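For reference, the structure discussed in these notes is given below.
The values are calculated or read from the model by the stated rules, or taken from the named source; none is laboratory data. These numbers were taken from a predicted model, which means no experiment stands behind them. Here the Cβ positions follow ideal geometry from the backbone for every residue, glycine too, while neighbour counts run over all protein chains shown.
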There are 2 protein chains.
Amino acid sequence: MENYVKVFAPATISNVGPGFDLLGFAIEAPGDIMIVRINSNDSLRIINNTNYPVPEDPEKNVATVAVSSLLKYVGIKQGFDFILQSKIAPGSGIGSSAASSAAAVVGVNILLNNICNYEQLLSFAIEGEKLSSGSIHADNVAPALFGGFILIRSYDPLDIIPVRYPESLFCIVVQPEIEIKTLDSRKLIPKEFPIKTMLQQCGNIAALIAGLNTSDYALIGRALDDVIAEPIRAQSIPGYYELKSKLRENGALGGNISGSGPSVFALASCKADADKVASLMRKAFDNQNIKNRVHISNISNQGTRMID
Amino acid sequence: MENYVKVFAPATISNVGPGFDLLGFAIEAPGDIMIVRINSNDSLRIINNTNYPVPEDPEKNVATVAVSSLLKYVGIKQGFDFILQSKIAPGSGIGSSAASSAAAVVGVNILLNNICNYEQLLSFAIEGEKLSSGSIHADNVAPALFGGFILIRSYDPLDIIPVRYPESLFCIVVQPEIEIKTLDSRKLIPKEFPIKTMLQQCGNIAALIAGLNTSDYALIGRALDDVIAEPIRAQSIPGYYELKSKLRENGALGGNISGSGPSVFALASCKADADKVASLMRKAFDNQNIKNRVHISNISNQGTRMID
């Protein structure tokens, strides 16, 4: 038995269109690569080999908070090192903290001979997310753990639904280098909504699921608007609405803000269209002298897993 | 060319669980049977051969209001008689007014050699519904016209989505003899909702569509709750929550109020379960000395159509 394991956890797009707090999916890359290693000093220790600053205090790091929750549940006292080899850029809205939480709990679970199932791992990873966003939300951690497109029907009780999606479905995501903290970003969301707004969101999320389930690409595109977070968060992304308005004529089904931003994602039904969208996204931020990275990926049906 | 046509329009269950104003389906029976006949006096005339009282003033009857809207659109001046042969009980929450509107516009359209398509007929029938409920809602008229399970993604622009549903899906509906006016019932619905409530409704309607699309019967059952209208309208239905709490142990996937009530519907995956549910529903109201009728039906993929 090895005393360490190397784990990959994928980036995830959450708040997918009308799916605020409810809908997310995993992409193939980028992702976190983490080595989880048993140590002999009973402590949870972050060893950060990436260029991104991450909290090293185990009470302030999402990975160690998630693992503490796991260890408390199973009643085991054991120390682990979490060696961060490669990291999704934090604060960019594609599930960096979720990937850390997911990688850590999956790594520890493997080293403890699969003492928990993935539903349990999800509840621990959610504890990590709570630290980063100040609220319980699972639309990054659930797809990070399970892969695929995941709907959270309910938080109380937690009810996670894998959503059937078309085989050919590409995600294009641009990460502009502007940092938005999820914690701050949530405070701006209104506490109440008029019934008319509620019905718009309900209509769109229902239609988005119908489009995904039946491979109705046009419907997927029509259903991607959001009335909860998009109007607020768009303000922090320079040129967002101009970019969004050009997505469809450049091959996308539609798009929206990823997570709490500033990343923007779009969906396309084939690689050729995805390439056109990627080029549009890159130019949109290059033209504003905002550094950015663009990823093209299939929706990934693989979640967090051991690699090598 | 005949100068009359006999039309059948099915009853419909609207506000399906979390689908307030957004989701409805057609059942096989009961329904309206209406003869639409060309007359020579340029007027729209209701001839009521049923035992139910219906408004005979053409400005106050949903059927004639819908047809006026059609005739105005196509620019034709022609009188029609609408002979009501058989009618869904008005005010019982299974789409009585929608069936009247649908039957009338379909009948007139046939007599005018299909001058309009069904999308156009829908917009005219909605005008009839507006009269009966005081608001624009299409979750009765759309399934009454098209048949099947219909999602209204959006009202502006109107976007009607046929929803894939399991081949074996039964609806059981009980009509207790208590009248609730849709017009009054709407006034009691709150104007604003907390975001948490909104997310519950979004999670359920999304899950309901996923369950219907993938024949996940258990998910359909879990997703049938409603946070908008059910808490208000349940108060007018004696013994509603007691009945609801017994549905599942008696074979139903779940159930809710049909339309604005007082009818209550449930879904079941097979006829044997539907029979058990029907018996439960009948007893629930018999025990309270409330007259009632119970119908068992498949979801009907047929909408309003010529018969005989």
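A single entry from A:GLU249, A:GLU230 fulfils the requirement of being of a type in the set (Asp, Glu) and within 20 Å of the chain's Cα centre (by Cα): A:GLU230. Is there a residue being in a helix (DSSP H, G or I) and free of Cβ contacts under 8 Å to residues at least 40 places away in the same chain anywhere in the range B:70-81? Among the residues of the range B:70-81, at least one is in a helix (DSSP H, G or I) and free of Cβ contacts under 8 Å to residues at least 40 places away in the same chain, which makes the answer yes. Tell me the residue from B:SER185, B:SER135 that is in the same structural domain as B:ALA266 (by TED's automatic domain parsing) and touching a residue at least 40 places away in the same chain (Cβ under 8 Å), please. Answer to the selection: B:SER185. All of B:ALA125, B:ALA98 fail the test of being outside any loop (DSSP other than H, G, I, E, B) and touching a Pro at 6+ places or on another chain (Cβ under 9 Å), apart from B:ALA98. Looking across the range A:114-166 at every residue that is among the β-branched types (Val, Ile, Thr) and within 14 Å of chain B (Cβ to nearest Cβ), the one that is nearest to B:THR214 (Cα to Cα) is identified as A:VAL163.
Got a sec? Which of B:LEU112, B:LEU121 is farther than 23 Å from B:SER258 by Cβ and buried (at least 17 other Cβ atoms within 10 Å of the Cβ)? Answer to the selection: B:LEU121.
Only one of the listed residues (A:ASP156, A:ASP139) is among the acidic types (Asp, Glu), buried (at least 24 other Cβ atoms within 10 Å of the Cβ) and either more than 30 Å from A:GLY239 (Cα to Cα) or under 17 Å from the mean Cα position of the chain (by Cα) (or both). That residue is A:ASP139. Residue count for the range B:88-99, restricted to those that are closer than 18 Å to B:PRO58 by Cα and surrounded by fewer than 23 Cβ atoms within 10 Å (Cβ to Cβ): 1.
Screening A:SER185 on (1) assigned to a helix (DSSP H, G or I); (2) touching a Phe, Trp or Tyr at 6+ places or on another chain (Cβ under 9 Å); (3) polar (S, T, N, Q) shows it passes everything except condition (2).
Residues in the range B:191-225 that are part of a loop (DSSP other than H, G, I, E, B), under 23 Å from the mean Cα position of the chain (by Cα) and either within 7 Å of another protein chain (Cβ to nearest Cβ) or over 17 Å from B:ASN256 (Cβ atoms) (or both): B:SER215, B:ALA223.
Across the range B:237-278, the qualifying residues are those that are part of a loop (DSSP other than H, G, I, E, B) and free of Cβ contacts under 8 Å to residues at least 40 places away in the same chain, and the one among them that is surrounded by the most Cβ atoms within 10 Å (Cβ to Cβ) is B:LEU253.
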